[in-house]
Structure formats: C-alpha cells, structure tokens
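For reference, the structure is listed below as structure tokens.
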Amino acid sequence: MLISQKLGVLALSLETGAIASGAALFANDSASLLSYCLLHAGASVCVSLFAIGFLPRKIAKPRIAVMAGMALFSFSVPVLGFLSVFAGIHIINLSRNKDSHQHNFNEVSIPDFDQHQQMRGTFRQSGIKSYLMNSKAPASTRISSLVTLQYAPGKVSSPLLRQVLGDASEDLRLLAYGLLDNAEKRVSKSIDEELKIIEEEKAAAGAEDPSTDRALAAYSRVVDLFWELVYQDLAQGDLKKHALHEAERYCQLLLRNDPDSGGIVMRLARVQHALQKTVEAEQLYLRAIELKVPLTRVYPYLAELYFDQGNLDKTQTIMNEIKAWDALPKLNPLISFWTKQPHVPPKI
C-alpha cells in the first residue's frame with residue numbers, strides 16, 4: 001500500500017512537471033517538447049503501475065498487457081487520459097464495493113425458534129415446585145412449566161407430578177397423569193421385551209432359569225428396568241413391592257452364575273435396603289467392599305442403612321471417613337452436620 005501511494009504521488013508530480021514543460025510548446029522549443037514527452041511518459045508508466053494494484057484480479061489479467069494499455073492511453077491523451085485512469089479506478093472500486101455488500105451474503109430467513117429449548121431454559125427445577133403449587137399463577141403458564149418436567153430426570157419429575165395430581169385444576173391433573181403414565185409405559189414396555197427374550201431362552205434351553213449369555217444379559221437389563229421403576233418413583237404400593245421382589249429374584253439368578261460380581265452385589269444390596277431387609281442389605285454392602293467396589297459408592301448407602309437402624313455411632317464413623325476423602329461434594333452439608341463442622345458453601 002505504501003509503494004502504491006508513492007507511485008501515485010510520483011505520477012502526479014511527473015504529470016504536473018510535464019504540464020509545466022508543455023507551456024513552452026507554443027514557443028516551438030524542441031527541448032521543451034522532449035522534456036514534456038519524457039515526463040509525461042514517466043507519469044503514464046507510474047500511473048499504470050499505481051492503477052494495476054487497485055483493479056480486481058479478473059480485470060487485471062494479463063497484467064503486462066493491462067498496464068501497457070493504461071500507460072498508452074494516458075500517454076496518447078494528455079492530461080485527460082491521465083485523469084481518466086484515476087477516475088476509472090475510482091469508479092471500478094465503488095462498483096466493486098457496492099456489489100460486495102449486495103452479493104457476498106445471501107439473505108436468509110430467521111429460523112423458527114425451538115419451543116422445547118425455550119421451555120427447557122424458562123424454569124429452574126429448584127423453583128418449579130413452588131410455582132406449580134401456586135394456584136394464583138395463570139393456568140396456561142403453570143401448564144407450560146409442567147411440560148418442562150418431561151425433560152427433567154425421573155427422580156426429580158415424578159414426585160412433583162404426583163403432587164400435581166391433587167391440584168384443583170383438571171387440566172393440570174390430566175397432564176400430570178399423562179406424563180407419569182407415559183413414563184411408566186416406556187419402562188414397562190422395555191421390561192416386557194426383556195421378559196419375552198427370557199421366555200424364548202427358557203423354551204430353547206428347556207430349563208426354568210437358563211444361564212445362556214443371552215438370558216444373563218436379559219436378566220441384567222430386567223434388574224435395571226425394575227429398579228428404574230422404583231428409583232423414578234413410577235411404581236407405588238404393591239406395584240413397587242412387586243418391582244423390588246422381581247429385581248431381587250433376577251439379581252439372585254445373576255449371582256448364581258457370577259457370585260463375585262461387585263456390581264450385582266451392590267444392586268441387590270440396594271434392592272434389599274429398599275425392601276427394609278436391613279440385615280441382609282448390610283451383609284451385602286460389606287460383601288461389595290470385599291469385592292473391591294469403590295468405597296465412594298458403598299459408604300453413603302451404608303451410612304444411610306446404619307441411620308435407618310438407629311446406629312448413629314456407625315453412621316458418624318462412616319461420615320467422618322467420607323469427609324476425609326473430600327470426593328463427594330454433594331454430601332458436604334450432611335458431612336458437615338455429622339462431623340460437627342459448619343458447612344461453608346463454595347465461592348462462586
């Protein structure tokens with residue numbers, strides 16, 4: 001850019017000198033004519049070198065021919081030719097800038113906003129309970145907030161939906177019932193599919209409890225699905241007891257084939273804990289520790305079990321051990337309570 005500027009200034013200086021020398025042409029002075037021609041030729045060459053840098057590439061090729069044409073035109077038409085080259089560059093660049101603003105970017109329509117994303121970010125789970133229970137809030141807004149619960153984890157959404165079942169608004173009650181029913185049907189459908197696989201394996205193996213790889217995989221999935229019904233609070237009363245007993249039965253079938261599976265032992269411990277079989281659950285939690293299940297997975301549930309049994313000393317002992325790890329930040333308020341130290345919330 002700096003060289004182009006110098007060439008432009010040089011071209012103007014030479015052309016100005018040529019015009020000054022040309023004033024003597026009327027006196028028929030050959031020296032003045034020669035001086036004019038040399039200065040004007042130099043100015044023409046400089047202006048062509050200056051102009052070529054501002055031309056678009058598609059116009060500036062072939063480069064030498066274009067520069068020669070501009071220099072010849074500027075030399076052939078004194079003053080006006082020189083000025084015409086400058087004017088032509090200016091007009092071409094104005095036209096190019098105008099076209100770039102109009103054609104470089106295609107105009108596109110604004111996309112439709114995803115209403116699901118909007119609803120997901122509109123309400124916070126921490127405050128949605130008080131909002132749903134507020135009968136003075138507009139019904140349409142309460143319904144919108146209730147719909148957002150379909151994106152929340154089942155452990156969070158199911159208790160809230162069950163509370164809404166007692167709401168005075170019939171629309172809210174029907175919507176809450178529909179969301180709960182759909183969630184329960186999804187899990188039940190998956191259970192039916194796995195039970196069908198187990199029945200097929202029973203028929204193929206001719207045994208009541210087949211131990212083929214396909215059957216064992218189905219047992220494991222059935223355990224997870226029955227536990228999901230309980231964990232998400234989708235099963236209540238007798239249905240919950242049935243789900244827990246079925247999960248217990250299939251866990252025992254799995255342990256029959258692999259008694260040292262820490263994951264299955266841990267799952268059976270939680271099932272029996274939920275069934276309030278505290279003695280059996282305690283033995284299984286301790287067995288899981290023997291099988292090298294991480295203590296961070298076992299100790300929180302074992303502490304809960306001791307608390308349910310009323311054994312506060314063991315509960316506090318375990319909570320002190322958990323505190324020493326500093327690995328379970330979500331339990332910090334409980335840890336602070338049991339270790340007699342105030343809980344300091346993390347700085348934001």
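The values are calculated or read from the model by the stated rules, or taken from the named source; none is laboratory data. Note that the structure is predicted; figures quoted are calculated from it, not measured. Neighbour counts run over all protein chains shown; Cβ positions are idealised from the backbone, glycine included.
From the list Leu255, Leu268, Leu305, the lone residue that is surrounded by fewer than 18 Cβ atoms within 10 Å (Cβ to Cβ), of a type in the set (A, V, I, L, M) and touching a helix residue (DSSP H, G or I) at 6+ places or on another chain (Cβ under 9 Å) is Leu255. Ser157 falls short on exactly one of the conditions (1) closer than 26 Å to Ser130 by Cα; (2) in contact with a helix residue (DSSP H, G or I) (Cβ under 7 Å, 6 or more places away or on another chain); (3) surrounded by fewer than 20 Cβ atoms within 10 Å (Cβ to Cβ), and that condition is (3).
For the stretch 269-280, a tally of residues being over 27 Å from Ser157 (Cβ atoms), assigned to a helix (DSSP H, G or I) and not β-branched (Val, Ile, Thr) returns 1. Among the residues of the stretch 294-301, none qualifies, meaning not one is more than 39 Å from the chain's Cα centre (by Cα), surrounded by 18 or more Cβ atoms within 10 Å (Cβ to Cβ) and more than 20 Å from Gln232 (Cα to Cα). Residues that are modelled with pLDDT of 90 or more and over 23 Å from Ser157 (Cα atoms): does the stretch 227-245 have at least one? Checked against the condition, which is being modelled with pLDDT of 90 or more and over 23 Å from Ser157 (Cα atoms), the stretch 227-245 yields at least one hit.
Take residues that are at pLDDT 70 or above and tell me which of the helices (runs of 4 or more DSSP H) falling wholly in the stretch 43-158 contain 1 or more. Step through it out loud before you land on a result.
Details: elements: 63-76, 80-103, 115-122, 125-132, 139-147.
Where helices (runs of 4 or more DSSP H) fall fully within the stretch 43-158 and carry at least 1 residues being at pLDDT 70 or above, they are 63-76, 80-103, 125-132, 139-147.
Suppose we filter the stretch 251-266 for residues that are within 15 Å of Asp213 (Cβ to Cβ) and assigned to a loop (DSSP other than H, G, I, E, B); how many remain? Give the derivation first.
First, the residues of the stretch 251-266 that are within 15 Å of Asp213 (Cβ to Cβ): 253-254, 256-258, 261.
Now narrow it down to the ones that are assigned to a loop (DSSP other than H, G, I, E, B): 258, 261.
Matching residues across the stretch 251-266 total 2.
Can you tell me which residue within the stretch 235-252, out of those that are surrounded by fewer than 19 Cβ atoms within 10 Å (Cβ to Cβ) and over 37 Å from the mean Cα position of the chain (by Cα), is farthest from Glu184 (Cα to Cα)? Among those that are surrounded by fewer than 19 Cβ atoms within 10 Å (Cβ to Cβ) and over 37 Å from the mean Cα position of the chain (by Cα), it is Gln252.
Which residues, counting only those in the stretch 200-216, are assigned to a helix (DSSP H, G or I) and exposed (fewer than 13 other Cβ atoms within 10 Å of the Cβ)?
Initially, the stretch 200-216 is screened for residues assigned to a helix (DSSP H, G or I), giving 200-205, 213-216.
Within the stretch 200-216, Ala203, Ala204, Asp213 qualify.
Being of a type in the set (A, V, I, L, M) and over 12 Å from Val223 (Cα atoms) is the filter here, so list the residues in the stretch 233-254 that pass it. Write out each step before concluding.
As a first pass, look at the stretch 233-254 and keep what is of a type in the set (A, V, I, L, M): 234-235, 239, 243-244, 247, 253-254.
Residues satisfying the conditions are Leu234, Ala235, Leu239.
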